[in-house]
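The block underneath contains the structure these notes are about, expressed in structure tokens.
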Amino acid sequence: MTPATKALDKANISYSLHEYQHDSNAKAFGLEAAEKLNLPVEQVFKTLVAQLDSGQLVVAIIPVDEKLNMKRLAKAAAAKKAAMAPADVVQRATGYILGGVSPIGQKKRLVTFIHQSAVKLERCYISGGRRGLDIGIQPQDLIHATNGKFAWLTDSGSLA
């Protein structure tokens with residue numbers, strides 16, 4: 001049990017757990033999860049925490065094979081600028097270590113944006129709150145669990 005699974009259980013949201021043996025030498029945790037769980041990369045999402053020019057922290061959930069576009073994240077958050085938050089700030093705010101940051105069950109609930117591509121998926125996979133654990137969840141349930149919003153957050157996709 002992690003804070004993420006406890007939060008989903010408390011909210012009575014259906015999910016599936018997917019464990020794999022994490023390789024401590026892996027550099028891209030999300031890509032490792034997709035490979036070890038034998039899932040298409042477009043269904044596996046990474047959780048990134050950014051800091052807006054106001055100092056506010058926000059969460060961006062994007063496919064593991066894509067790069068976060070900071071301008072798009074800032075626009076979605078109605079800010080001028082966004083940058084990746086320092087690791088120690090992320091860990092204090094979320095309660096999770098990097099590579100195991102789940103968008104669910106964070107110490108402090110952060111404004112969350114989910115890549116628009118998730119809308120077309122029946123199921124997406126996110127960190128379960130530790131390295132080597134992913135949660136399978138329906139995108140609409142992820143929106144509900146995080147109070148999130150869909151947005152285009154990478155260079156792929158439309159701004160419309």
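The values are calculated or read from the model by the stated rules, or taken from the named source; none is laboratory data. These numbers come from a predicted model, not from an experiment. Please note: Cβ atoms are built from the backbone with ideal geometry, for glycine as well, and neighbour counts cover all protein chains shown. For the accessible areas, the whole protein counts, side chains as well, though only heavy atoms, and no ligand, DNA or RNA atoms are used. Shrake-Rupley method; radii C 1.70, N 1.55, O 1.52, S 1.80 Å.
In a simple Cβ point-charge model (Lys, Arg +1; Asp, Glu -1; nothing else charged), the chain has a dipole of about 660 debye relative to its Cα centre. May I ask you to give the percent of accessible area on the range 66-160 that is carbon plus sulfur, with a probe radius of 1.4 Å? Reported share for carbon and sulfur atoms: 52 percent. Size check on the range 96-157: the Cα extents along the three principal axes, sorted descending, read 30, 23, 22 Å. The residues of the range 80-156 present an accessible area of 47 Å² per residue when probed at 1.4 Å with all protein chains retained. Below 23 Å, Cα to Cα, which lysines can Lys81 reach? Residues fewer than 8 away in the same chain don't count. Qualifying lysines at Cα under 23 Å: Lys46, Lys67, Lys71, Lys108, Lys149. Take every pair of alpha-carbon atoms less than 8 Å apart whose residues are at least six positions apart; their mean separation over the length of the chain yields a relative contact order of 29 percent. Per q in 0.22, 0.29 Å⁻¹, report the Debye log10 I(q)/I(0) for the range 24-81, using one uniform scatterer on each alpha carbon and no solvent. Relative scattering, expressed as log10 I(q)/I(0), comes to -0.82, -1.10. Largest to smallest in accessible area, the residues Phe45, Phe150 fall in the order Phe150, Phe45 (1.4 Å probe, all protein chains included). Along each principal axis, taking the top coordinate minus the bottom one, the Cα set of the range 71-121 gives 30, 28, 18 Å in descending order. Shape analysis of the chain based on the Cα gyration tensor places the equivalent ellipsoid semi-axes at 22, 17, 16 Å, largest first.
For Arg72, the solvent-accessible surface computed with a 1.4 Å probe is close to 40 Å², ligands and nucleic acids excluded.
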